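Taking it in order: structure first as structure tokens, then the write-up.
Derivation of every value follows stated rules applied to the coordinates shown; laboratory data play no part. The shown structure was predicted, so the numbers you read here are calculated from the model rather than taken from an experiment. Positions of Cβ are generated from backbone atoms using ideal geometry, with glycine treated the same way; all protein chains shown enter the neighbour counts.
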Amino acid sequence: MPTVTVEALTAYAVRIFAGTGAPLDEARIVAEHLVGANLRGHDSHGVIRITSYVERARSGAMVPGARPHVVKESVSTALVDGGLNYGPVVATYAMDLAITKARETGVGIASAFNSGHIGRVGAYGERAVAAGMIGIGSVNTPGTRIVTAFGGASRRLGTNPIMIALPTEDPAEPFVLDMATSVVAEGKLRVAVNAGKHVPEGWILDGDGTPTTEPRDFYGTGENERAGALLPVGGPRSGYKGFGLNMAVEALSGILSGSGSAVEGARGSNGVFLMAIDPERFAGFEAFTGMFAALAAHVQAPPLMDGVDEVLLAGEPERRAMRERSAHGIALDEETWKQIAEAAASVGVSPIEGGITA
Ligand code: NAD
């Protein structure tokens, strides 16, 4: 199991994406996004994705270097054609547009079609927060069906994450709620398969609609060859809440942008909805962050449940992972490491040199 420094892994990923034809600045945006997801503990949205990004670029489904551009615009809205460029490039462009518009009018919304997979949605919320804004976003995966409806037993919807990022008094510690509306992101199953591990009960059904903990049953590569499905957040009991959110994300991200929903064929890998709100146009930045600090202290105060040491706010688990991984490097399982080397070789990129610490 190699452990790689952040710098070496990023440089390797930059070389790979440049090998697919991306200009260096864009290769860096994609590489830093993926390594940033690993850094924050979301291996499901980290460099494990290099293989699929490279495959899509090689097949022509993605067009590295294509110029994202606005096709429809008002003072506070923009519809963006991502040109089928890598998602982190398109979503960074779209969030920057939303921020610029929010500075002007108090609120900015950018919606994008023809975008590659944008990865960890929270990254774009953090971008809004760094500009003093509230960031809201969601993405669907048009044409993709891997999550059940509540009460359904087969694949109907994507994992459709929703994100709300809030500035706080400490700029280094924003609140970043960034969650799939399925019980977990699909990539967590991929990570479990690569690591040969079982997943907890209540995550997935097998191809016959029976609950299982074997992640290969989800892909139809386990004993049951029929592909299974993920449950909506809330699981078997309260999954109607996740199901409702999931449907809303299909509409806000896929249908509003014209990217397509779970029903139709796709224009791009992710339909993108990103929004920035300037708190100065409402209660004011200082008042907002001050009252939020009081709220945070209120919810974190004891008493706590037996066996619980502290109440965490959204975004904190990711910051803890980042502190740990920045210091010690990013550990990758052998299978993922091998797949990355194969993807690199497929675009004429030599194996990583140095930076492997364990
Ligand atoms: P998760 O379940 O690990 O975390 C969800 C949220 O809960 C996070 O905001 C986290 O900070 C918070 N959280 C976690 N533990 C907590 C605790 N103990 N107390 C308080 N808050 C806590 O994340 P997920 O739902 O598996 O999603 C993982 C990533 O996958 C996200 O970044 C999401 O954007 C991404 N994703 C992307 C796509 C795509 O198509 N681009 C699709 C699905 C998911």
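Given the peptides 255-264, 286-295, arrange them by the average over their residues of other C-beta atoms within 10 Å, most packed first.
255-264, 286-295
Only helical DSSP H runs with n ≥ 4 go in: add -39500 (n - 2.57) per run for the chain, normalise by residue count and round the 222 nm mean residue ellipticity to 500 deg cm²/dmol.
-12500 deg cm²/dmol
Please state the relative contact order of segment 184-230 as a whole percent: Cα pairs under 8 Å, 6+ residues apart?
Values: 87 pairs, mean separation 14.7, N = 47.
After rounding, I find 31 percent.
Could you order peptides 324-331, 298-305 by the average number of other Cβ atoms within 10 Å of their residues, highest first?
Numbers: 324-331: 15.2, 298-305: 8.4.
Taking the mean over residues of other Cβ atoms within 10 Å, the ranking is 324-331, 298-305.
More than 22 Å apart: what percent of Cα pairs in segment 268-358 qualify?
Values: 2650 of 4095 pairs.
That tail contains 65 percent of the Cα-Cα pairs.
Could you give the length gained by full extension between Lys338 and Ala294, i.e. 0.36 nm per residue of separation minus their alpha carbon distance, to one decimal place?
11.0 nm is the gain from fully extending Lys338 to Ala294.
What are the residues whose amide H is under 5 Å from the amide H of Ser154, where those residues sit 5 or more places off or on another chain and H is modelled from the backbone?
Amide H neighbours of Ser154, under 5 Å, 5+ apart: Ala149.
List the residues, sorted by chain then number, that are 5 or more residues from Val63 or on another chain and whose placed amide H is less than 5 Å from its amide H.
The list, which skips near neighbours in sequence, is Asn85, Tyr86.
Would you list, by chain and number, the aspartates and glutamates whose Cα falls below 17 Å from the Cα of Lys338, excluding same-chain residues fewer than 8 positions away?
Correct list for Lys338: Asp43, Glu55, Glu353.
So what is the relative contact order for segment 67-151, in percent, with contacts set as C-alpha pairs under 8 Å and at least six apart?
Value for segment 67-151: 26 percent.
Looking only at segment 175-196, which residues have a backbone nitrogen under 14 Å from a spot 7 Å from the Cα of Arg323 in the C-beta direction?
none
With a cut-off of 8 Å between alpha carbons and a minimum separation of six or more residues, what is the relative contact order of the chain in percent? Before the final figure, lay out each step's value.
Details: 843 pairs, mean separation 82.6, N = 358.
Answer for the chain is 23 percent.
For each of Tyr219, Tyr86, Tyr93, count neighbouring Cβ atoms within 10 Å of the residue's Cβ, then give the residues from fewest to most.
On the way: Tyr219 18, Tyr86 32, Tyr93 22.
Exposure proxy ranking, most exposed first: Tyr219, Tyr93, Tyr86.
Starting from the Cα gyration tensor of the chain, multiply each eigenvalue by 5, take the square root, and state the resulting semi-axes largest first in whole Å.
One finds semi-axes of 29, 26, 23 Å for the chain.
Ranked highest first by average number of other Cβ atoms within 10 Å, how do 142-154, 109-121 line up?
In decreasing order of mean packing, 142-154, 109-121 become 109-121, 142-154.
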